[in-house]
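First the structure, in the form of structure tokens, and then the observations on it.
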Amino acid sequence: AQKVTQTQTSISVMEKTTVTMDCVYETQDSSYFLFWYKQTASGEIVFLIRQDSYKKENATVGHYSLNFQKPKSSIGLIITATQIEDSAVYFCATGSFNKLTFGAGTRLAVCP
Amino acid sequence: EAAVTQSPRNKVAVTGGKVTLSCNQTNNHNNMYWYRQDTGHGLRLIHYSYGAGSTEKGDIPDGYKASRPSQENFSLILELATPSQTSVYFCASGDAFNWGVAETLYFGSGTRLTVL
């Protein structure tokens with residue numbers, strides 16, 4: 001069975017700084033995908049970024065990037081130049097076709 | 001733009017009553033999902049569907065049924081609601097067609113269910 005662990009329950013940072021959120025996963029699949037989703041204060045959940053397990057280069061989208069360490073089964077989310085609107089809950093997830101397993105989430109507060 | 005709409009947004013039910021949560025998507029996606037969100041657990045998969053007429057059990061299906069009468073609609077049914085089913089429920093649709101293909105999920109706004 002798949003398992004995703006996010007040990008950081010909440011993080012608080014100052015605006016315009018860089019933050020890293022940790023995620024460790026377990027999977028029996030030889031090929032898999034890793035995702036980060038964001039849940040805003042309104043409850044809306046949106047897809048942010050994805051890493052394919054067979055790719056060595058870290059994914060980057062806008063001011064979001066990933067730190068993929070396959071031997072450690074780790075996929076960290078890095079947000080650079082944080083903005084107030086980045087305040088949200090961030091979920092890490094792993095899986096393949098239609099069987100995503102989510103972590104418990106990390107709440108990020110970005111302070112002015 | 002992808003759109004997944006859930007109804008109702010809020011629901012209060014009594015123990016032992018029947019509850020139906022509805023979801024409609026205009027993405028023309030084959031796959032649809034029901035998750036529940038509880039503090040400390042993240043999102044947990046209840047049921048999912050590959051297309052009209054199909055339903056599959058997810059990780060926590062006990063106490064829930066699902067129905068997919070059409071490509072657009074996917075319902076979650078609690079035949080005998082219990083207080084332990086008090087939660088926030090999210091519907092999602094997915095755009096993958098095959099195994100081994102990454103799938104982005106598009107979520108609805110959620111339904112907050114309280115069972116008294």
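Quick notes
Residue-wise test of (1) touching an Asp or Glu at 6+ places or on another chain (Cβ under 6 Å); (2) part of a loop (DSSP other than H, G, I, E, B); (3) closer than 21 Å to B:GLY40 by Cβ.
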residue	(1), (2), (3)
A:LEU77	no, no, yes
A:ALA81	no, yes, no
A:GLU85	no, no, no
A:CYS92	no, no, yes
A:ALA104	no, yes, yes
A:LEU108	no, no, yes
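- Top-ranked residue in segment A:7-28 [being under 19 Å from B:GLY42 (Cα atoms) and part of a loop (DSSP other than H, G, I, E, B); ranked as farthest from the chain's Cα centre (by Cα)]: A:THR27
- Residue within segment A:56-63 that is buried (at least 20 other Cβ atoms within 10 Å of the Cβ) and away from chain B (no Cβ under 14 Å) present: no
- Residue match in segment B:46-57 (condition: under 11 Å from the mean Cα position of the chain (by Cα), among the polar types (S, T, N, Q), modelled with pLDDT of 95 or more and not in a loop (DSSP other than H, G, I, E, B)): no
- Test: residue in segment B:106-115 that is free of Cβ contacts under 8 Å to residues at least 60 places away in the same chain and either at negative phi or of a type outside the set (S, T, N, Q) (or both): no
- Filter result for A:LEU34 (facing chain B (nearest Cβ under 10 Å), out of contact with any Lys or Arg (no Cβ under 8 Å at 6 or more places or on another chain) and touching a residue at least 40 places away in the same chain (Cβ under 8 Å)): no
Yes/no matrix, rows are residues, columns are (1) surrounded by fewer than 16 Cβ atoms within 10 Å (Cβ to Cβ); (2) more than 19 Å from B:GLY42 (Cα to Cα); (3) without any contact (Cβ under 8 Å) to a residue 24 or more places away in the chain; (4) at the interface with chain A (Cβ under 9 Å from one of its Cβ atoms):
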| residue | (1), (2), (3), (4) |
| --- | --- |
| B:LYS65 | yes, yes, yes, no |
| B:GLN71 | no, yes, no, no |
| B:SER75 | no, yes, no, no |
| B:THR86 | no, no, no, no |
| B:GLY94 | no, no, no, yes |
| B:GLU103 | no, no, no, yes |
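- Qualifying positions in segment A:78-90 - within 14 Å of chain B (Cβ to nearest Cβ) and farther than 19 Å from A:ASN58 by Cβ: A:ALA88, A:VAL89
- Residue check for B:LEU113: at the interface with chain A (Cβ under 9 Å from one of its Cβ atoms) and either crowded, with 16+ Cβ neighbours inside 10 Å or farther than 23 Å from A:TYR32 by Cβ (or both): no
- Filter result for A:ILE45 (under 16 Å from the mean Cα position of the chain (by Cα), closer than 22 Å to B:GLY58 by Cβ and modelled with pLDDT of 95 or more): yes
- Segment B:1-43, residues that are surrounded by fewer than 16 Cβ atoms within 10 Å (Cβ to Cβ), not in a loop (DSSP other than H, G, I, E, B) and not polar (S, T, N, Q): B:VAL12, B:ASP38
The values are calculated or read from the model by the stated rules, or taken from the named source; none is laboratory data. Bear in mind the structure is a predicted one, so any value in this text is a computation, not a measurement. When we count neighbours, we look across all protein chains shown, and the Cβ atoms used for this are built from the backbone with ideal geometry, even at glycine.
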